[in-house]
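Below is one structure, written out as structure tokens, with a few remarks after it.
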């Protein structure tokens, strides 16, 4: 009896994996119809452009930047705490728990070169997601006194409505240089 | 008067093994429940990038995997060292992705099809060119829910 059970045990130990799959979840934009040209007008102040070149350097809003301060800059852009006219506009919306709330309308546009390394790309993606998560946490702490993850589902929805994750991965452009 | 008597030579009594199968079965069930069967053999070398903001993939049955990385050593003579795409159990090219997605869709029950998610397991040294191409193919196949697979690290 024990022998058979041991045999089965060893079989399962060898053939199975234990790791849970984790990753950054994303939605790709649907493919644009080539017949109808849709031009979406987004004001310049509402876009936060992040460019990564083929030697993994960052160009944020036209200026070179180190990846270590990207999170801070992104947070400042998304929340626009001081209503800076260069940072995104806000729109007053009715949101559960919050009432009329000024929701920022910023979009982060991430562009990369064909030669960018995947590690760097993921690093930047991670920083941008972290910026959103930190803002959501801060808001959850100040409003409900709890971390975002501990909130009820509709409380989370309310916060999501305020800090909606808008990271656009741009259409590929071929910029010069070998891949 | 009670009489206490030593019953001969008493050594260590043998441990009963009657409960051994129970213990082993318990271990067995633990492993059966907590693990998943390895479904594909990897032909490419993948070292996942690190990220701190990762989320767990919800349902394994809704996820299909695309592996991108440099071929493992024994295949390098055949396929070179540049990053390649692996779908299921073989090296594939970009054009096969659409067929792969549609066959994955076909295999799912109708009610689950809109929830198809694609997990991109990509080596961190890969260049973005091939990743962008794969993303474009996925958009064409309208498999829009993707997940960039990453290892969880906690850093502050």
Assign one of three labels to chain A, namely rounded, prolate or oblate, based on the Cα gyration tensor with a ≥ b ≥ c the square roots of its eigenvalues; rounded applies when a/c is under 1.5, prolate when it is not and a/b is larger than b/c, and oblate otherwise. oblate
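Quick one: A:105, B:47, A:63, fewest Cβ neighbours within 10 Å first, how do they rank?
A:63, B:47, A:105
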Decide, for the stretch B:85-156, between rounded, prolate and oblate: order the square roots of the alpha carbon gyration tensor eigenvalues as a ≥ b ≥ c, take rounded if a/c falls under 1.5, and otherwise choose prolate if a/b is larger than b/c, else oblate. oblate
Averaged over residues of B:22-33, the number of beta carbons from other chains lying within 10 Å of each residue's Cβ is 5
Chain A: relative contact order as a whole-number percent, Cα under 8 Å and 6+ apart: 22 percent
I'd like the orientation of helix A:70-79 relative to chain A: the angle between its Cα long axis and the longest Cα principal axis, in ° from 0 to 90, rounded to 10. 60 degrees
By how many degrees, 0 to 90 and rounded to 10, does the Cα axis of helix A:118-144 deviate from the longest principal axis of chain A? 80 degrees
Give the angle, between 0 and 90 degrees and rounded to the nearest 10, that separates the Cα long axis of helix B:20-34 from the longest principal axis of the Cα atoms of chain B. 20 degrees
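Please quote Rg/Rh for the protein assembly as shown to two decimal places, taking the Kirkwood radius as Rh and restricting both calculations to Cα atoms. Before the final figure, lay out the partial values.
Values: Rg = 26.6 Å, Rh = 23.6 Å.
Over the Cα atoms of the protein assembly as shown, Rg/Rh equals 1.13.
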Ascending count of other beta-carbon atoms within 10 Å, so fewest first, for B:135, B:56: B:56, B:135
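Rounded to the nearest 500, what is chain A's calculated 222 nm mean residue ellipticity when only DSSP H runs of at least 4 contribute -39500 (n - 2.57) each, over all residues?
On the way: 4 runs with 61 residues, N = 179.
Helices in chain A give a 222 nm mean residue ellipticity of -11000 deg cm²/dmol.
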Based on the Kirkwood radius over alpha-carbon pairs, what value in µm²/s does the Stokes-Einstein equation return for the translational diffusion coefficient of the stretch B:116-156 at 25 °C and 0.890 mPa s? 213 µm²/s
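Need one word for chain B: rounded, prolate or oblate. Basis is the Cα gyration tensor (sqrt eigenvalues a ≥ b ≥ c); a/c below 1.5 gives rounded, then a/b vs b/c decides. Show your work: numbers first, answer last.
Details: a/c = 3.11, a/b = 2.55, b/c = 1.22.
The shape class here is prolate.
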Between A:107, A:129, A:14, where does the largest GNM mean-square fluctuation fall for chain A, given springs only between Cα atoms within less than 10 Å? A:14
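Determine the percent antiparallel among the DSSP beta bridges restricted to the stretch B:59-150, to the nearest 5.
Values: 6 of 15 bridges.
The answer is about 40 percent antiparallel.
Would you mind estimating how fast the stretch A:116-157 diffuses translationally, via Stokes-Einstein at 37 °C and 0.692 mPa s with the Kirkwood radius over Cα pairs, in µm²/s? Let's see the in-between values first.
Numbers: Rh = 11.4 Å.
For these conditions, the coefficient is 288 µm²/s.
Quick note: the coordinates plus some simple rules give every number you see, no bench work behind them. These numbers come from a predicted model, not from an experiment. So basically every Cβ, Gly included, is an ideal-geometry build from the backbone, and we count neighbours across all protein chains shown.
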